[in-house]
Amino acid sequence: MLNELIVSGRKLELGSVSYMEEDAFISLVLDAQGKVSYANPGYYALTGYDSDDVVDAPLFQPGEEHYTSSLLVGLKVSRMTGEKWQGEVFLRKKNNEPLWLDVTLLPRCDERGDVFAFILVCFDITHHVTIRERLHYRAHNDALTKTLNRQGYYIRSRKKFRAAQASGAETVVAILDLDNFKTINDELGHAAGDEVLRHFISRVKQCISDTTLLGRLGGDEFALTFIDGIDEHDAGLLLQRIIEQTRLPMYLQTIRHQVALSVSIGVATWPRHGTNFASVLKAADTALYKVKALGGDDFINYQIVSTADPHSIVGSV
């Protein structure tokens, strides 16, 4: 059992924290600057590092601060207050595998009350975090198309709308619905229908940026929320490209045959067509019904529904 250690020029007595070796699977001692002064055998066994890699070095490599931001916050708070801190910290093993630790940070002070060392008592929770993230992904994403599901799309869109409202940035929402998809399901089977949806989403993803939210609302109905500063005109050009890509012949492995497809799209914009995400989505849905009634295979802005002004039509109806 390690009884004492010189950290930041001061003697650190460890006898009073016997669980450092006996109960903690992993334990470390950091100096006032956050460099490792000591790591127990459990840390080396788990991470693959040896003492030459660890002692007198930061717990994380330069450029990886975003991985350990919670620990950096904990060190700062604990240094200022002298109180312990607890949180989850992400590190990487020597072989670059991910490692999640539940960390209790215990500051140690000298006779003047200055923090000169930190004891870290840690437990490996990587398996727990992996399961939690997998469950979170399943709860917010559609298994078939690998897009956000309705819940995930709503949650993230509301969050982005609040950010847009704070900055005053225009936000465009579009609802996409495949034309005559029920016929494909009824005549070619649900396996072919599933393949159509996967192909369609693949084409949509080729047209949009990584920052655009894409979600499956249900069946063959999808939604887009543009959050990268795109305006109504640019959104119209992008949606026209989606329509053109959708019209291209689609070969289905399921039936070894090509099918023809088209899509109808309703569009609405904040703040012009609603005060929040729910009202803008409803306006886009109203525009979708209008374009469906006109034969589909196009997109319409909500403005045409509310004003009957032909100059408000964004698509080529």
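The values are calculated or read from the model by the stated rules, or taken from the named source; none is laboratory data. Given the structure is predicted, the values throughout are model-derived calculations rather than measurements. FYI the Cβ positions are ideal-geometry reconstructions off the backbone, even for glycines, and counts take in every protein chain you see. SASA here: full protein model, heavy atoms, side chains in, ligands and nucleic acids out. Shrake-Rupley method; radii C 1.70, N 1.55, O 1.52, S 1.80 Å.
Evaluating residue 123 against the criteria (1) part of a strand (DSSP E or B); (2) buried (at least 18 other Cβ atoms within 10 Å of the Cβ) leaves one unmet condition, (2).
I'd like to know if region 207-215 contains one or more residues that are open to solvent by 20 Å² or more (accessible area, probe 1.4 Å), in a helix (DSSP H, G or I) and more than 22 Å from residue 293 (Cβ to Cβ). Scanning region 207-215, I find no residue that is open to solvent by 20 Å² or more (accessible area, probe 1.4 Å), in a helix (DSSP H, G or I) and more than 22 Å from residue 293 (Cβ to Cβ), so the answer is no. Among the residues of region 63-100 satisfying the criterion of being touching a Gly at 6+ places or on another chain (Cβ under 7 Å) and modelled with pLDDT of 90 or more, which is nearest to residue 125 (Cα to Cα)? That would be 87. For region 73-95, the criterion of being part of a loop (DSSP other than H, G, I, E, B), among the aliphatic types (A, V, I, L, M) and buried (at least 16 other Cβ atoms within 10 Å of the Cβ) is satisfied by no residue at all. Looking across region 33-47 at every residue that is open to solvent by 50 Å² or more (accessible area, probe 1.4 Å) and either under 14 Å from residue 99 (Cβ atoms) or assigned to a helix (DSSP H, G or I) (or both), the one that is modelled with the lowest pLDDT is identified as 41. The set of residues from region 145-162 being farther than 12 Å from residue 270 by Cβ and either open to solvent by less than 40 Å² (accessible area, probe 1.4 Å) or in contact with an Asp or Glu (Cβ under 6 Å, 6 or more places away or on another chain) (or both) comprises 145, 147, 148, 149, 152, 153. Cβ-Cβ contacts under 6 Å between residues 6 or more apart (or on different chains), taken from a first residue in region 207-218 that is not assigned by the TED database to the domain that holds residue 178 to a second residue that is in a strand (DSSP E or B) and among the charged types (D, E, K, R), are absent.
Scanning region 163-193 for residues that are in a helix (DSSP H, G or I) and open to solvent by 50 Å² or more (accessible area, probe 1.4 Å) returns 163, 165, 166, 167, 182, 183, 186, 187, 188, 190, 191.
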